[in-house]
Amino acid sequence: MRPEHADALIKLGTILYNRHRYEQAEQHYRRATLADPEYALAFFDLCNVLDEMQRLTEATAAYQKALVF
């Protein structure tokens, strides 16, 4: 009902992540970070998917943002 609701985006991203659909999961996690730029879980989940895709520099940056909040 609310396509930019951060919690919903994270849950959808997690479903995709668990199905190894990492690119799609990344899109949802990134949208969650835009929907709520202070939501640490969105950045943490983004970090995990980036790590899974071996994009370690981006994963580290996402993790550091998660730590700020």
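Every number in this text was worked out from the coordinates using simple rules, so none of it is lab data. For clarity, every value in this text was computed on a predicted model and none was experimentally measured. Because the Cβ atoms are built from the backbone with ideal geometry, glycine has one as well, and the counts that use them run over all protein chains shown.
Brief remarks follow.
- When the range 23-62 is filtered for residues that are crowded, with 17+ Cβ neighbours inside 10 Å and over 20 Å from Glu4 (Cβ atoms), the ones remaining, listed by number, are Cys47, Asn48, Leu50, Ala59.
- Residue count, the range 1-48 (criterion: over 14 Å from Leu67 (Cα atoms), among the aliphatic types (A, V, I, L, M) and in a helix (DSSP H, G or I)): 11
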